[in-house]
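K.L.:
First the structure, which I've put down as structure tokens, then a few questions once you've had a look.
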Amino acid sequence: MYFNSETALLNACRTLFGKEVNLSHEFLCYLQPSGAKTAFRNQAKAHHPDAHASSSAHIRQQQTERFREIRQAYDLLIEYLEKRPHLRASAFRRRSAQPASHRGKSTPRQSTHQRPQQKPVSIPSIPLEFGMYSFYQGKVTYQQLIEALVWQRRQRPTLGAIAQKWGWLSETKVTQILGYRGQAVRFGKKAIELGHLKHHQVEALLHYQRTLQKRIGQYFVEKGLLSEEDANLISLHLTRHNRQVSQRTRNRAENRR
């Protein structure tokens, strides 16, 4: 199913900030993690199941579902905000690389599912995943990458659901972890802080979750953004890039000894 990434992000904002907030593309551009966290906490106070312990079973069930929607919206926005600096830096480098005569000129709006006509930019010397590497290579646009990330997230089961299936967590503990207000943001780290899961258990959950989620490359191919040959070639170059980054990191560590 196709859905617009910005629409998904704005819907997540609406879940956290309420209908009275004037949501727009500019709102997403200026949104900060601290603002999202504050909004999440405010919603959690109102809808956390523990706040409705004396209510009827029907009301408690409604609030549990609402709280999960709030948590999913928050997780989606945090993931977007974590990736935004890299995306902005790359977009700036692309604009800077354009001839001065082309800057500021309007161009026809491109369909999000057309192949982007962009030049690759300098790839940072950090480990990358397929989606970000494709973006830096100029194979997909910023919007197409976010669409793919949202699509991928919706395909995979949550860590809480997997942990329940494996008998590591109860539904009560999952709800407690989701509503925890400690320093950690991610579900796994929250579970560790609360003492509900060990580090190796979280690693096992994450590994299993990754085996279940569909690959972003599949999304790009299905939408006609990449051919199978392009995807395979990008995967080969990505492997080489990450190996080189790892080798340089080891070399620097040895030189400091």
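The values are calculated or read from the model by the stated rules, or taken from the named source; none is laboratory data. These numbers come from a predicted model, not from an experiment. Neighbour counts are summed over all protein chains in view; Cβ atoms, including those assigned to glycine, are modelled from backbone coordinates with ideal geometry. The area values use the complete protein model at the heavy-atom level, side chains included, leaving out ligands, DNA and RNA. Shrake-Rupley method; radii C 1.70, N 1.55, O 1.52, S 1.80 Å.
K.L.:
Is one or more of the residues making up segment 143-161 assigned to a helix (DSSP H, G or I), on the phi < 0 side of the Ramachandran plot, modelled with pLDDT under 85 and surrounded by fewer than 12 Cβ atoms within 10 Å (Cβ to Cβ)?
P.N.:
The answer is no, given that none of the residues of segment 143-161 is assigned to a helix (DSSP H, G or I), on the phi < 0 side of the Ramachandran plot, modelled with pLDDT under 85 and surrounded by fewer than 12 Cβ atoms within 10 Å (Cβ to Cβ).
K.L.:
Here is a follow-up. Look at Gln61 and say whether it is free of Cβ contacts under 8 Å to residues at least 40 places away in the same chain and either outside any helix (DSSP H, G or I) or open to solvent by 80 Å² or more (accessible area, probe 1.4 Å) (or both).
P.N.:
yes
K.L.:
What do you reckon, is Leu238 open to solvent by less than 100 Å² (accessible area, probe 1.4 Å), under 19 Å from Leu149 (Cα atoms) and outside any helix (DSSP H, G or I)?
P.N.:
The answer is no for Leu238.
K.L.:
Right, here's the next one. Name the residue that is most open to solvent (accessible area, probe 1.4 Å), counting only residues in segment 1-31 that are closer than 21 Å to Arg153 by Cβ and outside any helix (DSSP H, G or I).
P.N.:
Among those residues, the one meeting the criterion is Met1.
K.L.:
State all residues of segment 202-235 that are part of a helix (DSSP H, G or I), of a type in the set (S, T, N, Q) and in contact (Cβ under 8 Å) with a residue 60 or more places away in the chain; if no residue qualifies, say none. Please lay out each step first, then the result.
P.N.:
Filtering segment 202-235 down to residues part of a helix (DSSP H, G or I) leaves 202-212, 216-222, 228-235.
Remaining after also requiring of a type in the set (S, T, N, Q): 209, 211, 218, 232, 235.
Across segment 202-235, the qualifying residue is only Ser235.
K.L.:
Okay, moving on. Regarding Ala191, is this residue within 27 Å of Leu81 (Cβ to Cβ), open to solvent by less than 90 Å² (accessible area, probe 1.4 Å), among the small types (Gly, Ala, Ser) and in a loop (DSSP other than H, G, I, E, B)?
P.N.:
Judged against the criteria, Ala191 is not a match.
K.L.:
Does at least one position in segment 203-224 carry a residue that is over 30 Å from Gly138 (Cβ atoms), loosely packed, with under 14 Cβ neighbours inside 10 Å and at pLDDT 90 or above?
P.N.:
Yes: segment 203-224 contains one or more residues that are over 30 Å from Gly138 (Cβ atoms), loosely packed, with under 14 Cβ neighbours inside 10 Å and at pLDDT 90 or above.
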